1. Under a crude label model (7 Å from the Cα following the beta-carbon direction), how far is ILE6 from ILE74 in nanometres?
2. As an exercise, identify the trypsin sites (Lys or Arg not before Pro) in the stretch 8-94 lying in DSSP coil whose Cβ has no more than 12 other Cβ atoms within 10 Å.
3. For the chain, with every protein chain kept in place, what is the accessible area per residue (1.4 Å probe, Å²)?
4. Computing the accessible area with a 1.4 Å probe over protein heavy atoms, can you report the carbon and sulfur percentage for the chain?
5. Using a basic spin-label model with each label point 7 Å from the Cα along Cα→Cβ, how many nm lie between THR103 and LEU121?
6. Please list TYR44, TYR62 from largest to smallest accessible area, probe radius 1.4 Å, with all protein chains kept in place.
7. Compute the distance in nm between two label points, each set 7 Å from the Cα along the Cα-to-Cβ direction, one at ARG89 and one at LEU132.
8. Over the stretch 25-139, what is the relative contact order in percent, taking alpha-carbon pairs closer than 8 angstrom and at least six residues apart?
Amino acid sequence: NINLNIGDIIHTEFSDEFFDVIVSPLFFHHVVSIGFDPFLKEFYRILKKEGFLVILDFSRYYPLNAFTRPLKIIFKNPFGEVEDEKPYRPKLMTKSLKKRGFTQIQFKGANFSHCSFPIPLAKVTNYLTKPLLNNRFLSNFSWLVLFSAVKK
């Protein structure tokens, strides 16, 4: 059963230590200008002790950003991005998680193929770059980065 709740993500109606796992896909790149702390604070509050937080988001270091960012300005957002979208440095998230009190913080690349790649190109890119995903340094340059942390 799935229950849909619509509300304020910073002030949820969930009780303390309510969830075993929280998964936040493609959210934090919308709140870079606000900062991650208010959201991580609430996630920490509603996550059970030893619970897992999983975050999937974009890396600022993805090489194609060097081309797509200027194109967004020149061609007035041809990719249809929401105005507040902003990829960030993976280290910013890991530092924010640590500051909030999470432990066992890890990150790795999720994939190197952009969503605008044609499927055959994406398959080739994913195949060729799969060995790079577990490399701590090179995973900074992936399109999507997967973070995990544990509430102590």
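1. Each label point is offset 7 Å from its Cα along the Cβ direction, giving 4.0 nm.
2. Values: sites: LYS41, ARG45, LYS48, LYS49, ARG60, LYS72, LYS76, LYS91; in loops: ARG60, LYS76.
Within the stretch 8-94, the qualifying trypsin sites (Lys or Arg not before Pro) (loop, at most 12 other Cβ atoms within 10 Å) are LYS76.
3. Values: 9860 Å² over 152 residues.
Value for the chain: 65 Å² per residue.
4. Numbers: 6020 of 9860 Å².
That fraction is 61 percent.
5. With each label point 7 Å from Cα toward Cβ, the separation is 4.5 nm.
6. Values: TYR44 45, TYR62 10 Å².
Of TYR44, TYR62, the descending order of accessible area is TYR44, TYR62.
7. Inter-label distance under the simple model: 2.0 nm.
8. Details: 91 pairs, mean separation 30.2, N = 115.
Relative contact order here is 26 percent.
The values are calculated or read from the model by the stated rules, or taken from the named source; none is laboratory data. Model, not experiment: these values are computed from the prediction. Neighbour counts are summed over all protein chains in view; Cβ atoms, including those assigned to glycine, are modelled from backbone coordinates with ideal geometry. Heavy atoms of the whole protein, side chains included, go into the accessibility calculation; ligands, DNA and RNA do not. Shrake-Rupley method; radii C 1.70, N 1.55, O 1.52, S 1.80 Å.
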